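Data block below; observations after.
The values are calculated or read from the model by the stated rules, or taken from the named source; none is laboratory data. Just so we're clear, the structure is a prediction, and the values are computed from it rather than from any experiment. All Cβ positions, even for glycine, are placed from backbone atoms using ideal geometry, and neighbour counts span all protein chains on display.
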Amino acid sequence: MNLEETFGSSYQRVIGQGVGITERGQSFFTRFYEIFFNKSEKIPEKFKNTDMDQQVHMLQKGMYQLITFYLLKTDSDQLQAIAKSHDKLHLDIEPELYDVWLASLLQTVEELDPEYHAELRLAWEVVMTPGILYLKYHYDN
Ligand code: HEM
């Protein structure tokens, strides 16, 4: 398996190309938040003052930062800013919430990618994990 190709083609099927939000991307992220919000009461509580239409765009940009971190292994200014806004002193996103985030993302991919299979899940996990570890690390560092 070529991990990057497997991930890349799945990403295109469920979200589309580039950073602009497509109709497919909009449905993907909307479904993601439905799943994510139902996993723990703590989650909707965190977003109680958030404009969720706007948040869909934010998440796509954020995911792009995770992909870039996986590819380049260097933290961009944008990734540093996400780490800071999510840390203990700001949004206070506890590390275990990132596991819920990833589980929700994988569940969304499984639902929406017609070509979903086990290795494709692995490809998404491998690409997302370095950035998630980075954000967890910066919770209180
Ligand atoms: C690796 C996964 C994640 C990425 C890439 C990500 C990305 C982002 C981005 C780009 C923003 C907007 C800009 C900013 O505030 O920095 C944001 C805001 C936010 N995120 Fe995350 N996030 C992630 C995980 C989480 C998790 C696990 C939670 C837990 C509930 C969370 C809760 C929030 C909240 C509450 C906001 C603020 C919304 C507002 O402005 O009202 N995020 N996130």
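Selection over the stretch 23-60 of residues that are in a helix (DSSP H, G or I), in contact (Cβ under 8 Å) with a residue 40 or more places away in the chain and either of a type in the set (Asp, Glu) or within 22 Å of residue 111 (Cα to Cα) (or both) gives a count of 8. When the stretch 67-85 is filtered for residues that are of a type in the set (A, V, I, L, M, F, W, C) and either surrounded by fewer than 16 Cβ atoms within 10 Å (Cβ to Cβ) or near the ligand (Cβ under 8 Å from one of its atoms) (or both), the ones remaining, listed by number, are 71, 72, 81, 82. Just one of the listed residues (101, 124) is closer than 24 Å to residue 8 by Cα, more than 11 Å from the ligand (Cβ to nearest atom) and either of a type in the set (D, E, K, R) or assigned to a helix (DSSP H, G or I) (or both), and it is 124. When 99, 140 are screened for being over 22 Å from residue 33 (Cα atoms) and either surrounded by fewer than 17 Cβ atoms within 10 Å (Cβ to Cβ) or not hydroxyl-bearing (Ser, Thr, Tyr) (or both), only 140 passes. The condition (being closer than 23 Å to residue 13 by Cβ, under 12 Å from the mean Cα position of the chain (by Cα) and either outside any helix (DSSP H, G or I) or modelled with pLDDT of 95 or more (or both)) is satisfied by just one residue among 135, 71, 66: 66.
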